[in-house]
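Colleague: Take this structure, written in structure tokens, and hold onto it; I'll ask about it next.
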Amino acid sequence: MALWKGACAASLVFLVTTVATPAVSREAGVVSGSILKDYTSVTKARKVLRSRLKKGQALSGDEYFALAYACGYDEPDGPSKIMNALAKSKCKDQVGEYYVQAGMHGTPEGFLAAAKAIGTGQAAWLYAQLAYKLSGTDVGLRDEALAYLGELRPTVGASTQQADAQAETLAQQLVASGAYASSVPSAGGKQLANAQPELKWLDFPNPRRCRWSKSAQDVFDKATGYDERRQNPVVPAKLRVPGVNQWVTSRVARPHPEWNQVDIYVDFKGRWNGLTVVGVMYSGLEESEGLDYHAIRFAEPVEKVAKVLAGKGFVVNVNGKDRQQVDKRDADGNIDGVITSVTRRGKETWFGCDEVFYASYGEG
């Protein structure tokens, strides 16, 4: 497909007969999953959807998106080498094209997926800009597209004027054809200056065990300064946070001086799993052990944060209340498990997630 290879978008017009509706917030897995659930396997979905295309049958935007996913996926190998070979995808080189077609047929997530598949340059910029412009009421998708445009900016050269003009023309055509209800203005310098980075470094290697990433652990470690000449030796520290351009200085609070408790805050903004991150925090005892609490701080309310986290495999109660998971317990009552909480603190929601050893908590 010429457009996928980066040709002029303005020269292409796609007429779509479906009724236009505003885009609503959906994760990529939800888009493809809504289609794939109707098939016994990803391989079966790929076969049926490609067969429909060969017969000239129309696919919806979501079906194109699911086909793109299916073409990039191989089932785990089984005992039969012949069956394994037959199950391998024969359309991996068409993944990007199908993502573009998903966007053309009313699924804006397809444009962003196409941009990420390309990864650099003007063509990737064009598709990310289209995802931004056609995001409708999906603020999460718009923020994600804006963050990706910010990542692409160093790769697109001196000017994005031509790609922006192509995106504007194609967005107008898609609205006129009925694929989308409306288009927002393109993301420009002002929006890009405020773009929030995607904080992939916050991903947990094992959400069910509250295993923080090495990058997250580094942020916690570097957020604490120490001055042994002071009565209260823990002091703020200057550190680098991944994805944040400027240096960040931590904050130190002592909410319970009688307990020798110290809270360390690192303030920054970004996006993680569709949520707005405003920073992280750590709580401990200043000159001894006995308290260990690590948290990500979000702007969204408890209900939304808890729902997203539960969907990502974290052990949380959807109402945000403290949750304990006991994985092992010995004869003395010592446990090995995790404790989590999703709590509203002023204008922020804190997600606390820690492994727990040698303490007696009831199962949540």
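The values are calculated or read from the model by the stated rules, or taken from the named source; none is laboratory data. Predicted model, so just to flag it, every value in this text is computed and none were measured. Note: ideal-geometry Cβ built from the backbone for every residue, glycine included; neighbour counts use all protein chains shown. When the accessible area is computed, the model is the full protein with side chains, heavy atoms only, and any ligands, DNA or RNA have been set aside. Shrake-Rupley method; radii C 1.70, N 1.55, O 1.52, S 1.80 Å.
Colleague: Per residue, how much accessible area does segment 251-315 show when a 1.4 Å probe rolls over the protein heavy atoms, in square angstrom?
Modeller: Details: 2870 Å² over 65 residues.
Result: 44 Å² per residue.
Colleague: From the Cα gyration tensor of segment 230-328, with a ≥ b ≥ c the square roots of its eigenvalues, which class applies: rounded if a/c is under 1.5, or else prolate if a/b is larger than b/c, or else oblate? Kindly include the intermediate steps, with their values, before the conclusion.
Modeller: Numbers: a/c = 2.46, a/b = 1.28, b/c = 1.92.
Here segment 230-328 falls in the oblate category.
Colleague: Extension gain LYS81-SER41, at 0.36 nm per residue separation less the Cα-Cα distance, in nm?
Modeller: Values: separation 40, 0.36 × 40 = 14.40 nm, distance 1.82 nm.
That pair, LYS81 and SER41, stretches by 12.6 nm at full extension.
Colleague: I'd like the accessible area for THR43: 1.4 Å probe, protein heavy atoms, all chains in place, Å² to the nearest 10.
Modeller: Answer for THR43: close to 30 Å² accessible.
Colleague: Size of the dipole of segment 37-153 about the Cα centre, Lys and Arg at +1 and Asp and Glu at -1 on the beta carbon, nothing else charged, in debye to 20? Walk me through the intermediate numbers first.
Modeller: Numbers: 16 positive and 13 negative charges, 117 e Å.
Dipole of segment 37-153, to the nearest 20 debye: 560 debye.
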